[in-house]
1. Residue 287's amide H: which non-local residues (gap 5+, or another chain) put their own amide H closer than 5 Å, with H modeled 1.01 Å from N in plane and none for Pro or chain starts?
2. Compute the FRET efficiency between residue 236 and residue 60 as 1/(1 + (r/R0)^6), taking r as their Cβ-Cβ distance and R0 = 56 Å, and round to the nearest 0.05.
3. Over the range 77-176, what percent of the accessible surface lies on carbon and sulfur atoms, probe 1.4 Å?
4. I need the calculated FRET efficiency for the pair residue 272 and residue 154, taking r as the beta carbon distance and R₀ as 25 Å, to the nearest 0.05.
5. May I ask you to derive the FRET efficiency for residue 187 and residue 326 from their Cβ-Cβ distance with R0 = 51 Å, giving the value to the nearest 0.05?
6. Determine the gain in length on full extension of the stretch residue 215-residue 11; use 0.36 nm per residue of separation and subtract their C-alpha separation, reporting nm with one decimal.
7. Any idea of the accessible area per residue across the range 78-221, 1.4 Å probe, to the nearest Å²?
8. List the residues, sorted by chain then number, that are 5 or more residues from residue 338 or on another chain and whose placed amide H is less than 5 Å from its amide H.
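The values are calculated or read from the model by the stated rules, or taken from the named source; none is laboratory data. This one's a predicted model, so the numbers in the text were calculated from it and none came from an experiment. Positions of Cβ are generated from backbone atoms using ideal geometry, with glycine treated the same way; all protein chains shown enter the neighbour counts. Heads up: the accessible areas ignore ligands, DNA and RNA and are worked out on the full protein's heavy atoms, side chains in. Shrake-Rupley method; radii C 1.70, N 1.55, O 1.52, S 1.80 Å.
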Amino acid sequence: MTVAVLTPLDALVVAAGEFVGEDRSAMSGTEAVESLLTLTGLLDRLDGVGVELAGRVEESGVWGLDGSQSAGAWLARATRSSRAAAGSDLKLARALGGVLPLTAAAVLAGDLPIGHARLISRVCLKSAVMRATLADPTVGEPLLLAAAHLPADEFHRVCQAWAYRADPYAADAGYREDRDGFEFRLADTTAGVVPSGVLSPTVAEMIRIVLRAEIGVPAATDTRNTAQRMHDALGSVMARALSGGGLGKAHAVRPQIVVQVPLATVLAAPGTPGIPPAWLQDSQCPLPTFELDRIACDSEVLRAIMTTDGEVLQYGRAKRLFEGPQRRAMETRDGRCRYPRCHAPPSKCEGHHLTRWIDGGLTDLDEGALLCWHHHLHVHAQDIHIQRVPGGGLAFHTKHGDPIGVTYPHHGPDPNPHGWPAPT
């Protein structure tokens with residue numbers, strides 16, 4: 001008599017079939033919680049094995065036996081997944097099999113969710129410097145894995161902060177790439193208007209703070225849930241903005257968000273490895289250098305010197321806004337956004353320091369220029385260089401020195417294209 005011996009995978013399939021077929025209608029809430037957590041951990045480990053197997057299929061080349069043009073195409077068809085998901089799995093497999101051995105072991109052992117491994121792969125492998133730092137036994141993989149217990153959003157911020165410390169330039173470059181995906185839409189449906197899109201951390205922070213301020217402390221008789229209060233608060237803010245008559249006329253509204261900047265970040269040269277990132281106070285989201293520079297150009301600064309235990313040693317305030325008569329003089333001089341081929345009016349503009357404030361730039365009229373919100377962020381994000389030229393002009397160049405254009409004040413010199421004689 002021959003006895004069939006089941007492989008571990010066969011036994012797993014049989015056990016899974018039995019588990020799925022169980023009657024769970026009488027299961028208590030506590031039992032449901034225990035089963036859910038156990039199942040979630042098991043699925044993470046199995047997902048890790050699946051990623052590993054996908055990598056082995058790619059390495060072996062067997063995926064081409066049926067005529068598939070790539071391992072990604074074969075995997076998408078064989079597993080009935082999207083090409084994007086298949087490509088993501090293969091990319092993760094290469095990372096786990098190469099520069100992330102401790103992460104791979106943690107996933108298979110059930111110590112790290114597979115989603116956390118994907119975050120490490122996506123955020124912490126953007127440059128050779130980051131990959132080399134991951135191999136450091138002190139500040140590499142072990143440092144990231146020590147935060148494995150955190151929820152995904154908090155772990156994402158840990159990865160962002162780690163990437164910034166390891167290679168600030170590459171971290172900023174990654175954020176620049178992400179900017180192309182930030183968008184917002186309002187879709188009309190029969191059930192109402194549905195907002196969708198992906199907001200940048202800074203824009204999302206402003207929205208949250210404005211809505212929380214508008215909601216305030218709900219009355220004891222207020223039966224609305226949080227989402228309903230947020231909706232009504234948004235309507236209230238928009239109605240006030242429309243009825244106030246200030247849209248398109250008033251000065252630009254400064255972002256009322258709080259950014260915390262460690263002293264080491266202020267003192268260090270840009271791009272220095274190991275310096276901590278600045279972060280948005282409420283969401284704790286690390287902020288890229290160019291975004292910090294843009295905000296610092298036109299914001300109020302609060303200085304608080306603290307011990308490592310959080311004790312305040314010194315507290316002060318310094319303002320470096322272009323405001324009042326100085327702001328009005330800048331509006332009269334520039335007349336619009338000074339970025340080439342942009343005609344945004346002063347009401348849509350912020351004051352930009354031609355020399356970064358952190359590098360010693362002054363809040364003087366001659367050291368400032370109007371830039372609309374979009375181009376202000378673009379100048380910092382792309383490291384655009386601005387130089388003065390005769391006649392009050394500003395010459396814009398890319399970080400590689402390529403010319404973008406020259407703009408003059410609104411009432412600047414006429415280039416005199418027709419050769420008119422000078423007036424007497």
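1. 278, 279, 280
2. Details: r = 61 Å, r/R0 = 1.09.
For residue 236 and residue 60, the calculated efficiency is 0.35.
3. Values: 2830 of 4740 Å².
Reported share for carbon and sulfur atoms: 60 percent.
4. Details: r = 26 Å, r/R0 = 1.02.
Efficiency, rounded to the nearest 0.05: 0.45.
5. Numbers: r = 43 Å, r/R0 = 0.84.
Step by step, r from the Cβ atoms, then E = 0.75.
6. Details: separation 204, 0.36 × 204 = 73.44 nm, distance 5.56 nm.
Length gained between residue 215 and residue 11: 67.9 nm.
7. Numbers: 7840 Å² over 144 residues.
Accessible area per residue, the range 78-221: 54 Å².
8. Distant-sequence amide H within range of residue 338: 370, 371, 372.
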